[in-house]
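*Asks:* Encoded as C-alpha cells, here's the structure I'll be asking about.
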Amino acid sequence: MKFFCRTFMLWGILVLFLVTGHSVAQGQGKALILATTTSTQDTGLLDVLVPIFEKKTGYFVKTIAVGSGQAMTMGQKGEADVLLVHSPGAEKKFMEGGFGVSRRLVMHNDYVIIGPADDPAKIKGLKSAAEAFKNIAAAQALFMSRGDNSGTHAKEKDIWKVAGVKYDGERWYQETGLGMGQTLNVAAEKKGYSLTDRGTYLALAKTLNLGILVEGDAVLLNVYHVMEVNSDKWPKVNIAAAKAFADFMVSKETQEIIRTYGVDKYGSPLFFPDAGKKVEDLGK
C-alpha cells in the first residue's frame, strides 16, 4: 500500500512537472525582447505599434529603450531577440560579425541641430552641420551630447570629425549619458545646443524653448533598420517572434501607420516609411 501511494505520488509530481514545464515553455515562446533606441520610445511610435503587433500575433513584447550601441551589445550577448536601431556603421559590423540573420530598412527621419533663441554661436540658417559645429566650438557655446554610444552620438562624432575641431574634454562640451528626450530637457534647462532626431524634438518641442537652427544637410539623414538576432549563436533567442516582429515592421499596414504618425498632432510625420527601398535613394 505504501509502495502504491509513493508510486502514485511520484507519478503526480511527474505529471505536474510536465504540465508546468510545458506552460513555462509556452510562455517563453510568446515573449519577445525588443531592444531599440530611445527615439522610437520618446516619440510614442512604439506605444502605437506594439499593441497592434501583440494583438495580431499573440506575442508579448518587452521593450528595452537604450542607445543603438547598447541595443546591439544586447544583441551580441543574446539578451534581445530583435533590434530596431539607427546606427548604420555599427549595424553593418553587427551583421558582419554574424550576430544578426537579417537587416531590413524600416524608415527614416533626419537629425537637426537645435539651440537657444539668442544663438550665441550664430549658426541659424547654416547649410552645413560641420560648419555649425565649428561655430559652436569657436564660440565655446554650451553643447549637450548624449555621450551614450547611441546612433545619435555616433552621428554627432562623425560631424565633429568632419568639422576638425577638438571638443572632447572641453568645458563647453558636456555629456549627459542619457537618452534623447532627457538630453533635450537638460539642453533646454541650460540653454545649450544639441543634435537630435527630428521626431523626438517635435514630440517635446512645446516644453523645450529651443528651436531648430540647422537642418537639411545630407549628412543629417537618420535611417532605421530592424535586425533579427542570430539564434545559431544564442539558442535561447526567440527567432520566430523576432521574424514576426521584423515582418510586421515592414508590412504594408505598419508602413502606412508610420507614414501618417504625428501628422495630426505636429503637422508633419515624425518618420517616413522606407520598406523595400534602397538607402541611397532616401531623402531625394
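Values in this text are rule-based calculations from the coordinates and carry no lab data. Only a predicted model underlies this, so the values are computations on that prediction, with no experimental measurement involved. Note that we place each Cβ from the backbone using ideal geometry, even for glycine, and neighbour counts take in every protein chain shown.
*Asks:* So which residue, out of Thr207, Thr254, Thr38, gets the largest mean-square fluctuation from a GNM of the chain using Cα contacts under 10 Å as springs?
*Replies:* Thr207
*Asks:* Just rank Asp232, Asp274, Asp247, Asp118, fewest to most, by other beta-carbon atoms within 10 angstrom.
*Replies:* In order of increasing Cβ crowding within 10 Å: Asp118, Asp232, Asp247, Asp274.
*Asks:* Of Val162, Val61, Val223, which has the largest mean-square fluctuation in a 10 Å C-alpha GNM of the chain?
*Replies:* Of Val162, Val61, Val223, the Gaussian network model singles out Val162 as fluctuating most.
*Asks:* Sticking with this structure for a sec: Quick one: work out the % antiparallel among DSSP beta bridges in the chain, nearest 5.
*Replies:* Looking only at bridges with both residues in the chain, the antiparallel portion is about 60 percent.
*Asks:* Further, regarding this structure: Using a ≥ b ≥ c from the Cα gyration tensor of region 218-261 (square roots of the eigenvalues), is it rounded, prolate or oblate, where a/c under 1.5 gives rounded and otherwise the larger of a/b and b/c decides, a/b for prolate?
*Replies:* Verdict is oblate for region 218-261.
*Asks:* Need one number: nm distance between label points at Asp119 and Ser231, each 7 Å from Cα along Cα→Cβ, rounded to one decimal.
*Replies:* 5.3
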